[in-house]
Amino acid sequence: MTEISLEDIITELVVNGGSAKSKAMQAMKAARMGDFATAEVRISEANASLQKAHYFQTELIQAEARGEKKAAVSLIMVHGQDHLMNAMTTRDIALEMIEVYKLIKNK
């Protein structure tokens, strides 16, 4: 397997985390408008981006555990992790909001 640079891993965390958060926000907007089919598609897209980001995060953790690569705590690393964690929180909130909008729309 080709070694992935630390910079590439951080980039993947930022890009995929940002994409996931954006898709989750779009899902909430679609649900607010009553378009639950689109909301579900956007949540699926958010999940796919989160899965990609999580893969790279796991690569970093496993490499460090094996002693192959030590990830320095840097501002850019914190930024990448922050993007991922914010995206996960936004997705979780979006899932709940979609359910709330379904209850409101079905009254």
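The values are calculated or read from the model by the stated rules, or taken from the named source; none is laboratory data. Keep in mind that what you see is a predicted model, and the values were worked out from it rather than measured. We place every Cβ from the backbone using ideal geometry, glycine too, and count neighbours over all the protein chains shown. Accessible surface areas use protein heavy atoms only, side chains included; no ligands, DNA or RNA. Shrake-Rupley method; radii C 1.70, N 1.55, O 1.52, S 1.80 Å.
Each of Gly34, Leu84, Gln62 was scored by the projection of its Cα onto the charge dipole of the chain, and the greatest displacement toward the positive side belongs to Gly34; charges sit on the C-beta of Lys, Arg, Asp and Glu. Kirkwood-type hydrodynamic radius, the chain: 14.6 Å, calculated from all non-identical alpha-carbon pairs. In this structure, the residue pairs whose Cα-Cα separation is over 22 Å, taken from Lys29/Lys102; Lys21/Lys107; Lys23/Lys52; Lys29/Lys107; Lys29/Lys105, are Lys21/Lys107.
Rolling a 1.4 Å probe over the heavy atoms of the protein chains gives the chain an accessible area of 63 Å² per residue.
A Gaussian network model of the chain, with springs between Cα atoms under 10 Å, assigns the largest mean-square fluctuation among Gln62, Gln81, Gln26 to Gln62. A full extension of the chain between Ala72 and Asp8 corresponds to an added length of 21.6 nm, given 0.36 nm per residue minus the alpha carbon distance.
Computed over protein heavy atoms with a 1.4 Å probe, the carbon and sulfur contribution to the accessible area of the chain reaches 58%.
Taken over the stretch 6-65, the ratio of Cα radius of gyration to 2.2 N^0.38 Å equals 1.33.
Counting only DSSP H runs of at least 4 residues, each contributing -39500 (n - 2.57), and dividing by the residue count of the chain, the helix-based mean residue ellipticity at 222 nm comes to -29500 deg cm²/dmol. Normalised by the number of residues in the chain, the average gap of Cα pairs under 8 Å and 6 or more apart makes the relative contact order 43 percent.
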